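Here the structure comes first, spelled out in structure tokens, and everything after it is commentary.
The values are calculated or read from the model by the stated rules, or taken from the named source; none is laboratory data. Worth saying up front: this structure is predicted, and the values here are computed from it rather than measured. When we count neighbours, we look across all protein chains shown, and the Cβ atoms used for this are built from the backbone with ideal geometry, even at glycine. For accessibility, only protein heavy atoms count, side chains too; no ligands or nucleic acids. Shrake-Rupley method; radii C 1.70, N 1.55, O 1.52, S 1.80 Å.
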Amino acid sequence: MNFNEDQINRYARHILLPEVGGIGQEKLLNSKVLVIGAGGLGSPVLLYLAAAGVGTLGIVDDDVVDLSNLQRQIVHSTHSVGMAKVESAAKTIAAINPDVSVVTHKERIRPDNALELISQYDVVADGSDNFATRFLVNDACYLAKKTLVSAAILRFDAQVYTFKAHETDKDGGHGPCYRCIFPAPPPEGQIPTCAEAGVLGAMCGMAGSLQATEVVKELLGIGESLSGSLLICDGLGATFRKISVRPDPACSLCGETPTITGLDGCLDEQGSLTA
Ligand code: ZN
């Protein structure tokens, strides 16, 4: 380990943890995580992974900061309104931790760029706000054999999940992918978006912080992976539920006879799922 004095000081509370230690901290500094969406979920994910010293953070987002984002998207600030979200987030991260290199991808993740983007990273954290992207990222991560830590939020509700169906577990089986739980996107308009139904800002912080925790666990290989479980939080009831989810042998992606073997035709030009 070649930590300088500032790094020993900065990461002291991590190094103290037997599960992390100097070796784990060095592992984090050598890790690369791709965060999809620098919004409500991406903000806390980016802030905590930056503070944790994850050495390379890729950010995918084609949007600019809007005043209505600031109620929950805490990686951005008032003076960043109008700025590209990837640039605004990169500035904040640089101010938090100079050990972190940020790679900005000012674009949407699409079927034609998803595999190339994802293959450059160790773990993917999805904080996107629409089903088309969520399905695309699930499929791309499975095909690229990358662990995906995903979350979804609406109003006072949050869900967090880890998918690594590409990995064989100790029993010779594998965990589920997103499609094992939700085989296809719901019909458009059936489930409202946060823009339509609202979301409590702090719920994004909670779900995103859980996501950041699971990303660090996956990078370090510590604790119990969330793969195979669905963590559901009811913010108004102040309750958490952890539900077991099994892989679906008939899953079109990770099942016994997959029909999805590439990303072609996954999204139409408007970003809607056509498959
Ligand atoms: Zn599956």
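How much accessible surface area, in Å² rounded to 10, belongs to the heavy atoms of His166 with a 1.4 Å probe?
Spelled out: His166, probe radius 1.4 Å, area about 50 Å².
At 1.4 Å probe size, put Ser119, Ser225, Ser80 in order of accessible surface, largest to smallest. Write out the running numbers ahead of the final one.
Values: Ser119 65, Ser225 35, Ser80 5 Å².
Of Ser119, Ser225, Ser80, the descending order of accessible area is Ser119, Ser225, Ser80.
Can you tell which of Ser128, Ser88, Ser68 shows the greatest fluctuation in a Gaussian network model of the chain with Cα springs below 10 Å?
In this elastic network of the chain, the residue with the biggest mean-square fluctuation among Ser128, Ser88, Ser68 is Ser68.
Dipole size in debye (nearest 20) for the stretch 55-99 around its Cα centre, Lys and Arg Cβ +1, Asp and Glu Cβ -1? Let's see the in-between values first.
On the way: 3 positive and 6 negative charges, 32 e Å.
I would put it at about 160 debye.
Can you give the local net charge around Lys145? Use residues other than it whose beta-carbon is closer than 9 angstrom to its beta-carbon, Lys and Arg +1, Asp and Glu -1.
Details: positive: Lys146, Lys164; negative: Glu167.
Local charge sum for Lys145: +1.
Roll a 1.4 angstrom probe over the protein heavy atoms and tell me the percent of accessible area of the stretch 31-266 that is carbon or sulfur. The partial results should precede the final answer.
Values: 5420 of 10320 Å².
That share works out to 53 percent.
Starting at the first residue of the stretch 127-138, write each ³J(HN,Hα) from the Karplus equation 6.51 cos²θ - 1.76 cosθ + 1.60 with θ = phi - 60°, in whole Hz, x for Gly and Pro.
Values per residue, Gly and Pro as x: x, 6, 10, 9, 5, 4, 5, 4, 5, 4, 5, 4 Hz.
Based on the alpha-carbon gyration tensor of the stretch 176-246 and its eigenvalue square roots a ≥ b ≥ c, which shape applies: rounded if a/c is under 1.5, prolate if not and a/b is larger than b/c, or oblate? Intermediate values should be presented prior to the final figure.
On the way: a/c = 1.94, a/b = 1.27, b/c = 1.52.
Here the stretch 176-246 falls in the oblate category.
Could you compute the net charge surrounding Leu47? Neighbours are other residues with a C-beta less than 13 Å from the C-beta of Leu47; K and R count +1, D and E count -1. Don't skip to the answer; put the middle values down first.
Details: positive: Arg72, Lys91; negative: none.
Taking every Cβ under 13 Å from that of Leu47, the sum is +2.
Across 10 Å bins from 0, what is the distribution of all Cα-Cα pair distances for the stretch 101-189, in whole percents?
With a bin width of 10 Å, the distribution comes to 15, 48, 30, 7, 0.
Taking the square root of 5 times each eigenvalue of the Cα gyration tensor, what semi-axes in Å does the equivalent ellipsoid of the stretch 1-96 have, largest first? Before the final figure, lay out the partial values.
Details: eigenvalues 165, 29, 24 Å².
Result for the stretch 1-96: semi-axes of 29, 12, 11 Å.
Say R0 is 22 Å: what FRET efficiency, to the nearest 0.05, do Lys32 and Lys145 get from their beta-carbon distance? Each step should come with its number before you reach the end.
On the way: r = 15 Å, r/R0 = 0.66.
It comes out at approximately 0.90.
Excluding ligands and nucleic acids, what accessible area in Å² is computed for His174 using a 1.4 Å probe, to the nearest 10?
Accessible surface of His174 is approximately 60 Å².
Please list, in chain and number order, the residues 5+ apart from Asp122 or on another chain whose amide H is under 5 Å from its amide H, with Hs placed from the backbone.
Sorted by chain and number, the residues that satisfy this are Lys32, Val33, Leu34.
Would you mind getting the accessible area per residue of the chain, heavy atoms of the protein chains only, 1.4 Å probe, in Å²? List each step's numbers first, then the result.
On the way: 13250 Å² over 275 residues.
So the chain comes to 48 Å² accessible per residue, rounded to a whole number.
Let me spell out the model: positive unit charges on the Cβ of Lys and Arg, negative unit charges on the Cβ of Asp and Glu, origin at the Cα centre of the chain. What dipole size does that give, in debye rounded to 20?
Working: 21 positive and 32 negative charges, 115 e Å.
Once rounded to the nearest 20, the dipole reads 560 debye.
Can you give me the P(r) profile for the stretch 31-266? Cα pairs, bins 10 angstrom wide beginning at 0, each as a whole percent.
8, 34, 38, 18, 2, 0
Nearest 0.05, what FRET efficiency do Ile222 and Asn113 give at R0 = 25 Å with Cβ-Cβ as r?
0.20
Any idea which of Ile243, Ala144, Pro176 is furthest toward the positive side of the dipole for the chain, if Lys and Arg beta-carbons carry +1 and Asp and Glu beta-carbons -1?
Of the candidates, Ile243 comes out farthest on the positive side.
What value, in deg cm²/dmol to 500, does the helix sum -39500 (n - 2.57) over DSSP H runs of n ≥ 4 give at 222 nm once divided by the residues of the chain? Present the calculation step by step, with values, prior to reporting the outcome.
On the way: 10 runs with 88 residues, N = 275.
The helix contribution divided over the chain gives -9000 deg cm²/dmol.
Suppose accessible area is computed on protein heavy atoms with a 1.4 Å probe; arrange Leu34, Leu219, Leu236 from highest to lowest. Before the final figure, lay out each step's value.
Working: Leu34 0, Leu219 20, Leu236 130 Å².
So the residues, ranked largest to smallest area, are Leu236, Leu219, Leu34.
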